[in-house]
Structure formats: C-alpha cells, structure tokens
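Report on the following structure.
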Amino acid sequence: MSIEVHDAKIKNLIQVCKETGNTKKLAVVSFILTSNKLDEIGIRFGLRHRNKNTGEKLFEYMEQINAFLEYNLKISIFKQEQIELLRNCELLFLKSKGDVPYEYIKKIFQIYYDFRKLKIPNLNKTMKSDVFLESSELGFFSFLSPKSRRRNKDTNKLKPLIAQKIKEKQFSLQKELELEFNSQMFEKAIYLQSLKKSLENNKRNKIIFQGTLKQNLSYQRSIEDIFKYLLLGLIALIVSLGIIILIELMYYPAYNGVLSGWSLFFFGVASIIIIAYLRCFKKEGR
Amino acid sequence: MNTKIIQYFRIIVLACLVILFLSIFFNWYSFQIHSINDEILVSWSYHIFTEWTTPISDESSLNYALRPDSLKIPLVINILYLIMIVLSGYVVLFKDFEQVDSLSSYNYNRYILGFLLLLNFFYIIFFPIMYLLPQELYFPFLQIIDYDAKIKISCAIGPGYLMQLIVFPLICPYIIFYYRTITNFEHERKSVKKNLDIVIERVQEPLDIDKLIAQEELKQQFSDTTERPVDMINSILTSFLEGEG
C-alpha cells in the first residue's frame, strides 16, 4: 500500500470517527500507528522491538533508542519535548483506557507524522567511500581505503592525526544532528564511526559493491595487477629453478662448472625480470 | 578491454589445465644409455603413476640391471593432484567470478585453485630435490660420452615435467587474481533489507483501516437503532493494552 493511499485512509477514518464521535477508536488507531512506526525505527537502528509483553511503554522505548544512539554515535534522534509529550498522552490513554480528549489524539497523530519524517538509513548498507568522500570535505580520509592503506606504509604515523580529524568531524555532525535529524548526515556519522573503528582495529576491509563486479571501478583498476602476477609467477619459477641447481651443486660438486653456469643463467634471468617488475609496477605504486 | 583480459587469461588457464592433465601421462624423466652406434642399451622413463617403464622387453639384458630405483612419490599426492586438476577445470569453466551474484559463495573455489597452484609448485621444486637428486638423476639434463666404454649416457627431464614448468607462470596470474578478488571484494548483502522488512511486519500490530472505516460507516447508517452492534474497538483496545498484537 502506498503512503498516499494509507494517508487517505487515515484521513477518511478521522472524518468518519469525528462524525460518529468515536474518539476512542481514533485514539487506539493513533497509538497503534505510533507504536508500529516506533518499532520500525528501533529495528532499523538494529535494536530489539518494543517489549509489549512486559508492558514497556512507547516513551520508554523512545528513551531506549535515544540511549542506544547516544552511546554509539553521541546522537539523539528524539527530542526530550517529544518524549515528554508522548509520555503525557500515553499515561492518560492507559489510565482512561482509551478515552482521551480529541486534542490529545491530535498530538499523537502529530507525533506519528513526525516519526514518519525520520528517514532511517539502511545501516546494513556499507557506504561507498568514493561517493561519500567526493561529496564532502573528508577526502583527507581517502587513504584509509584498503588499497591505499597498503600503499601507504607510513599511515601508522598519521593515525593520531586522522583520529583527531574524525573526532572533530563527528562532533560537528553531532551538533548538526541535534538541531535537525537528517538521514544523509546520519549516514555520514555512521561512516565516520566505521572509519574510526577500522582505524582502531586496523583490520583489512573488503570492498563492498552493488551490481556486477565488472562495473566496479576498484575492480577495473585491479585488473592490471594480473600482469604483475604474471611476472611474479615467472620470477618464482626461475628463482626456484636456480635454487634447485644450487642444491644440485651441493650434491655433486664435481659438476661445478656446468651447474654454476646454469645457476648463473637462472639467477641472471630472474634479476632481469625483477628489475623489469620494479620498473613497471613499483613506480606506479609510488 | 580490461575485462576481456581476464577472459583471455581464463582461456589460457583452461588450456593449461588440459596440459597439466595430459602431463600425467607423459614421462617426467628419462635415463638412456646408447652405444656409439646409437643402439639403445638402456632406456627408462619415469611416469608419476606407473613409475619407471622401458620399451626394451628383454629382462636379462643390461637394461634391467641398470633400472633406476623407485622414486617413491606418495600415490596420495599424485591422486590429489589429479583431483585438483579436474576440480580446478570445473571451477574455471563454470564458476566465473565476474558473473556471480555473491562472491562470498566462491570462497571454496579460490582454495581449490590455490591448492592446485601449490601442488604444481610442489612438483616443480620437490620432484628434482627430493626424488631425482638423491638417486643420482641429474637435473635438468646431462650427457656423458664415455669413449673408453663406447657408450653415451644421457639423462633429462621429460615432457611431463616440462609441461609443469610451462604451465606454472601461465596459471599463476589468473589464480592469484581469482583469489585476491574473492578476498578483497564482496557483494552488498541484499537479503538484509528483506529480512528486516519481514521482522518489522511480524512485530507490528495489524491494523485494518478499511475495516474500521466500514464499521464506523455502518454505525453511522444505523445510528437510529437503539441496540449498538458489538463494539470491535473494545477488543482492539484490549489486545493493544495487553500486548497480544
């Protein structure tokens, strides 16, 4: 069901209930809608759903979500006034068993529509660093990507500086998010958190992509590496043959003349290929 | 163009796997003694499965007296090598990582290919070091002409071993690339969003707004009747408050 149809139905129900004077039905519907939306928000943030069996109230669940986000990202998604408002309405609703004045129902619907405005990003989607970094001033962190991290062996020396920059950016995002929730900013906050964690854990991350592998830019760039592996294979083979000859030389020193010629040949060819490899690929790496 | 390179290497690897398979049936090493008149006196060829074989049938001749000792390469390794060649052929032919929807499902395939590369390398390195040299079988080849005895002794690696040498640098790039791609890349999990939607749907309380509207409209139509119909709202409220969903 599309959101427009859903809204039209709610409008229709409000109209009809107003005419029949059945505010109780409207109150129940408004609370069910709010409860469902809140469950959705909680689950999308990776939390458990509201525990209805133990009588967990909506405003308590909101506080739980806020506490979770504050602990992990130093961000609170629900404003304190919003929680207070829902608390007043919910307690009255429970006390009067659904018989609440129309003004309260209006407030609940208002809260429900406020919840709907929150666009929760897909936390299971790993943000594409290229897209994110291009659209922000965070290009500084681009060398944290696995490929460039490999190239930059001096990254360790810069770690405290990067961590500081991430912290600063996180702080400014938290401030912005406190003023107004924005899903894009929220995604950035999550991305920064993951960067911070990867910096702390120093683990190799996989490059996660959508669609086909062939369309991925990182993959396309990595294709050229196949020639590098070709040369590496050749070097490994020739050096191995040289080692075999050296071992043979130890077994049969009498054949020194012939075997040393062979070993010179193999190690000579290997050296030429190693030089070619270094010239072709190491220069590129720099 | 770039992506075509991978396909070219894939074809090369397939051809190499055929060569590797055939190499098992070729001789890996040969030891011969000829007379000055080029008459074969001793001729032994080594095959990894059948060990030393000779085309000379006379068992009382010098040929049998000079039979090299068995190299004792474990049969298990040879069988494993054969299995790996066949499995790798299957992987390269049917498990193209560029076409797959989930790279993580190809984890085992990279190990198969990686193991084949290791076995290939094992034969290249250890066949001469561990099996040939201790038996005084020279590497890569040797020819001695003894003018006093009027004989020509020659030992050389055979086409089977040469095939191993040729194949190694050719399969190396594709296998390493295959391994690295599966290690470094991962498809975004699609099912997570679907699973989330299922969980949300299961948790949320069902709400049939159409039904509620219809009830209210009915109530409106029969508002003049004294007896009110059973109020559904009470049951919904009770279930909501009791958390029965």
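The values are calculated or read from the model by the stated rules, or taken from the named source; none is laboratory data. Please read these numbers as outputs of a predicted model, since none were measured by experiment. Counting neighbours? That spans all protein chains shown, and the Cβs are built from the backbone with ideal geometry, glycine included. Surface areas here come from the heavy atoms of the whole protein model, side chains and all, with no ligands, DNA or RNA. Shrake-Rupley method; radii C 1.70, N 1.55, O 1.52, S 1.80 Å.
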If amide H atoms are modeled at 1.01 Å from N in the peptide plane, then the residues at a separation of 5 or more from B:Asn27, or on another chain, having amide H under 5 Å from its own are B:Gly160
Just report the Cα centroid separation between the range B:76-154 and the range A:210-268, whole Å. 15 Å
Which percent of the accessible heavy-atom area of the range B:2-188 goes to carbon and sulfur, probe 1.4 angstrom? 65 percent
Kindly flag which residue pairs out of A:Lys9/A:Lys37; A:Lys214/A:Lys282; A:Lys24/A:Lys57; A:Lys9/A:Lys95; A:Lys52/A:Lys97 have an alpha-carbon separation exceeding 23 Å in this structure. A:Lys214/A:Lys282; A:Lys9/A:Lys95
Calculate one ³J(HN,Hα) per residue across the range B:42-49 by plugging θ = phi - 60° into the Karplus curve 6.51 cos²θ - 1.76 cosθ + 1.60, and present them in order as whole Hz with x for glycine and proline. 10, 8, 10, 10, 9, 10, 5, 8
How large is ³J(HN,Hα) for each residue in the range A:231-246, as worked out from phi by the Karplus curve 6.51 cos²θ - 1.76 cosθ + 1.60 (θ = phi - 60°), to whole Hz, x for Gly and Pro? 5, 5, x, 5, 4, 4, 5, 5, 5, 4, 4, x, 5, 4, 5, 5
Show B:Asp101, B:Asp146 ordered by accessible area, largest first, where the area counts protein heavy atoms only and the probe is 1.4 Å. B:Asp101, B:Asp146
Under 5 Å between amide hydrogens, which residues at least 5 positions from A:Ile75 or on another chain qualify, with H placed 1.01 Å from N in the peptide plane? A:Glu70
Mind ranking A:Tyr191, B:Tyr108 by accessible surface for me, highest first, 1.4 Å probe? B:Tyr108, A:Tyr191
B:Trp52's amide H: which non-local residues (gap 5+, or another chain) put their own amide H closer than 5 Å, with H modeled 1.01 Å from N in plane and none for Pro or chain starts? B:His47
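Using per-residue counts of other Cβ atoms within 10 Å, averaged over each peptide, order A:225-236, A:176-187 from highest down.
A:225-236, A:176-187
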